[in-house]
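Written below as structure tokens is the structure these notes are about.
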Amino acid sequence: MAFFASFSDFWGLLEKWAQEKPVYVVRYISDNLHYQKFTSETRDGIVYDEIRAVEPLKSFFFKIKQRVAEYPVSYSESGKAETEFIIVGAKACDLRSMEILDETFMRGEIKDPFYVERRKKGIIITSDCSSPKETCFCTLLSLKPYPEKGFDLNLSKISEGVILEVGSERGERLLSQGKELLSQASPSQLEGRNKNREVTLSKVKEQNEKFALSKPYRELIEEKFDSSVWGKYSGRCLECAACLSICPTCHCFLLYDQKVGEGFEKVRVWDFCYYRGYARVGGGTNARPTGKDRIKNKYIKKFEFYMSKFGMYACTGCGRCIEACLANIDMRQVFKDLEAGQSSNNM
Amino acid sequence: MENPYVPIEAVIKDVIVENPIIKTFVLKPEEPLKFSPGQFIMLTVPGVGESPFTPSSSCFETERVEVTVLRQSGGKVTSALHGMKPGDMVGVRGPFGHGYPLERFKGNEVYVVGGGVGMAPMRALMFALLHEADQYKHIILRYGARNPELRMYKELCKSWETDPRVDVVYTVDIADETWTHNVGVVTTIMKPEDIQDVKNAFSIGCGPPIMLRFMVPVLLKMGFAEEHMFFSLEKNMSCGMGLCGHCRIGNLYVCKDGADFSYDKIKDFPDVWA
């Protein structure tokens, strides 16, 4: 089911929603897109199309830092009901990252109650990508730059407003709050949307033709386990973990304990496998003592482990890691080099 | 939804000094702790941190759980633990992992090899095996320590020497004048004649990574099947639930998929013994 709203009518909807729950929209801060809370100050300049925001969508669901336990008074923050919130303007790659994280945090035997609660309360309104960057490669992961399922609502910007596609009951309920602001999307409007989508899709496909591989990522990793390419890239990698901290699918965390008042708390923070101490154990041995081990490990985790455990790659092709890398390492090129059995000349 | 990060309280009832660097803590958890041998718990020292340990006591005693702890140089949690006294409080989460497949062992020879503080989980396993000793064809224990002083559970080990249900051989790397058993690393007391029906026998090894690494060729030479050679891996388990990522090697989470693995499952990972 698809509806149409003019830009001003869609604002009207946002305002209605924002009276009841926090709404986060995407806006420019200097040259980059970021999520910001929708308020009277941020009602202008909302970006519905363009490209994913800088921060990964997981930040809303798996917080950078979270108190997960207080003791000895057995108290559980997970019991605290979270309020619903709405995210407007996530992209198809962002949505995919949630499916990937869901496997770890809520499909296992033991579920993470904090993630589950935030997922329950987070309403995701996606939008079509219209301005992929050079670094975008979702199509290599068999994704499209527009979402087809898994959203509550999806927005497609066309010249005169937005097309709203309903993806869930929750999305339908949201729209029912402002029926008077909506009309049925016309065939020509839908055609316009589809044309835009085709243009973006072709662009991403085209720019990634040179990165196409002869075999799946997983096979390549298994085959090239001892390749010298790993060592060459580790010589270049600064181990700053920027790629991991901005990755929408990285889920590693560290737990630490601290005293607070009369009691204690357990806190979890994001952690990154590029750090030397990540795999070190009490006795001092380290499963991955060198940078080379750790770089390779990232690829094993994302392209071998995740595929073997969950049947999907832990990568969305969002390109954040490529943009963030201070050493200009492009994951697509790493794979090309692995395939060729050597590193490229531009190192 | 239950919060798996919240530890339950456990009172330290007793502290047994095994040797200058190893102590056994007798814990009374606020609710009975059911576990099977080989499963591990996350032990929290309040405000200091949390580390994984495998109970060394019998799984049939759920209200009195023992944890044997080696004080690691520079180890925040183990150092703090070693400073704790009866009456002090710790936190416990778990158990995690799936423990040893005792049902598969039944009817066969079980070859238990412990080295150093790795004897701690092996003690829990021995208790479980001996609890229904008639279910197993033969229970064999090989235990090595660096020197006689660093051996643990000395009384218990002595009692096993005369226990007809179990065949034990002990060794130390470096002997002193009191030592009457073997001298040499633990692989030197692993002999083909220890086992009659090696194709169906199971081995379980726990000890420092280097010991496990050297056990592999010895076990293979003895004729053990790779699928029957179990090893307890020590990795950086933190959450215990397959969420935090730290203990992963290859396509396994050591916490959730182990912490005990048969050799065929782990042999291809280059970081397995690191």
- Count of residues meeting criterion [within 13 Å of chain A (Cβ to nearest Cβ) and among the hydroxyl-bearing types (S, T, Y)] in the stretch B:19-53: 2
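Out of the residues in the stretch A:108-136 that are within 14 Å of chain B (Cβ to nearest Cβ) and not in a helix (DSSP H, G or I), state the one that is surrounded by the most Cβ atoms within 10 Å (Cβ to Cβ).
A:D112
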- Counting only residues in the stretch B:103-117 that are assigned to a helix (DSSP H, G or I) and open to solvent by 10 Å² or more (accessible area, probe 1.4 Å), the one farthest from B:F231 (Cα to Cα) is identified as B:E103
- Scanning the stretch B:1-18 residue by residue, the ones that are open to solvent by less than 10 Å² (accessible area, probe 1.4 Å) and either more than 14 Å from chain A (Cβ to nearest Cβ) or of a type outside the set (G, A, S) (or both) total 3
- Could you figure out which of (1) among the aromatic types (F, W, Y); (2) open to solvent by 10 Å² or more (accessible area, probe 1.4 Å); (3) assigned by TED's automatic domain parsing to the domain that holds B:D173 isn't true of B:F53? (3)
- Message: Out of the residues in the stretch B:39-70 meeting the condition of being over 16 Å from the mean Cα position of the chain (by Cα) and part of a loop (DSSP other than H, G, I, E, B), tell me which one is nearest to B:E132 (Cα to Cα).
- Response: B:F60
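Quickly run through the stretch A:298-315 and pick out the residues that are more than 8 Å from chain B (Cβ to nearest Cβ), in a helix (DSSP H, G or I) and under 15 Å from A:C273 (Cβ atoms).
Result: A:K298, A:Y299, A:K302, A:F303, A:Y306.
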- Task: For the stretch B:245-254, state whether one or more residues are in contact with a Pro (Cβ under 9 Å, 6 or more places away or on another chain) and either of a type in the set (S, T, Y) or over 18 Å from A:F225 (Cα atoms) (or both).
- Result: yes
- Filter pass, A:V68 being surrounded by fewer than 17 Cβ atoms within 10 Å (Cβ to Cβ), touching a residue at least 40 places away in the same chain (Cβ under 8 Å), not assigned by TED's automatic domain parsing to the domain that holds A:D257 and not aromatic (F, W, Y): no
- Message: So, in the stretch A:251-261, exactly how many residues are touching a residue at least 24 places away in the same chain (Cβ under 8 Å), assigned to a loop (DSSP other than H, G, I, E, B) and more than 7 Å from every other protein chain (Cβ to nearest Cβ)?
- Response: 0
- When only residues in the stretch A:137-146 that are over 25 Å from A:L190 (Cα atoms) and surrounded by fewer than 24 Cβ atoms within 10 Å (Cβ to Cβ) count, which is farthest from the other protein chains (Cβ to nearest Cβ)? A:L140
- Just for the stretch A:278-297: of the residues that are surrounded by fewer than 21 Cβ atoms within 10 Å (Cβ to Cβ) and among the small types (G, A, S), which one is nearest to the other protein chains (Cβ to nearest Cβ)? A:G282
- Note on the structure: Listed by first then second residue, the pairs whose first member lies in the stretch A:262-277 and is facing chain B (nearest Cβ under 8 Å), whose partner is among the aromatic types (F, W, Y) and in a helix (DSSP H, G or I), with beta carbons under 7 Å and at least 6 positions apart or on separate chains, are A:D271/A:Y278
- Message: I'm trying to understand the selection: among the residues of the stretch A:147-183, which are closer than 16 Å to A:A92 by Cα, assigned to a strand (DSSP E or B) and open to solvent by 20 Å² or more (accessible area, probe 1.4 Å)?
- Response: A:K157, A:E165, A:V166
- Task: Please verify whether the stretch A:316-326 includes one or more residues that are touching a Cys at 6+ places or on another chain (Cβ under 6 Å), more than 11 Å from chain B (Cβ to nearest Cβ) and β-branched (V, I, T).
- Result: yes
- Task: Could you check the stretch A:19-107 for strands (runs of 3 or more DSSP E) lying wholly inside it with 2 or more residues that are touching a Ser or Thr at 6+ places or on another chain (Cβ under 6 Å)?
- Result: A:85-90
- Task: Give the number of residues within the stretch B:19-34 that are open to solvent by 20 Å² or more (accessible area, probe 1.4 Å) and either under 26 Å from A:P113 (Cβ atoms) or assigned to a strand (DSSP E or B) (or both).
- Result: 6
- Query: If a residue has to be surrounded by 24 or more Cβ atoms within 10 Å (Cβ to Cβ) and more than 8 Å from chain A (Cβ to nearest Cβ) to count, how many in the stretch B:248-274 make the cut?
  - Reply: 6
- Would you check if there is a residue in the stretch B:121-133 being outside any loop (DSSP other than H, G, I, E, B), among the hydrophobic types (A, V, I, L, M, F, W, C), open to solvent by 50 Å² or more (accessible area, probe 1.4 Å) and within 19 Å of B:S232 (Cβ to Cβ)? yes
- Index of the failed condition, B:K76 passing every other in (1) within 12 Å of chain A (Cβ to nearest Cβ); (2) under 24 Å from B:G144 (Cβ atoms); (3) at pLDDT below 95: (2)
- Counting only strands (runs of 3 or more DSSP E) entirely within the stretch B:146-242, those with at least 2 residues that are buried (at least 23 other Cβ atoms within 10 Å of the Cβ) and more than 14 Å from every other protein chain (Cβ to nearest Cβ) are B:202-206, B:229-232
- Query: Which members of the stretch A:213-242 meet the condition of being open to solvent by 70 Å² or more (accessible area, probe 1.4 Å) and in contact with a helix residue (DSSP H, G or I) (Cβ under 6 Å, 6 or more places away or on another chain)?
  - Reply: A:R218
- Task: Select from the stretch A:140-174 the residues that are β-branched (V, I, T) and under 18 Å from A:D49 (Cβ atoms) and list them in ascending order.
- Result: A:I158, A:V162, A:I163
- Query: Looking at B:L81, is it within 12 Å of chain A (Cβ to nearest Cβ), farther than 30 Å from A:K120 by Cβ and part of a helix (DSSP H, G or I)?
  - Reply: yes
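The values are calculated or read from the model by the stated rules, or taken from the named source; none is laboratory data. Keep in mind the model is a prediction, meaning the values are calculated, not measured. Counting neighbours? That spans all protein chains shown, and the Cβs are built from the backbone with ideal geometry, glycine included. With ligands, DNA and RNA removed, areas are computed over all heavy atoms of the protein, side chains included. Shrake-Rupley method; radii C 1.70, N 1.55, O 1.52, S 1.80 Å.
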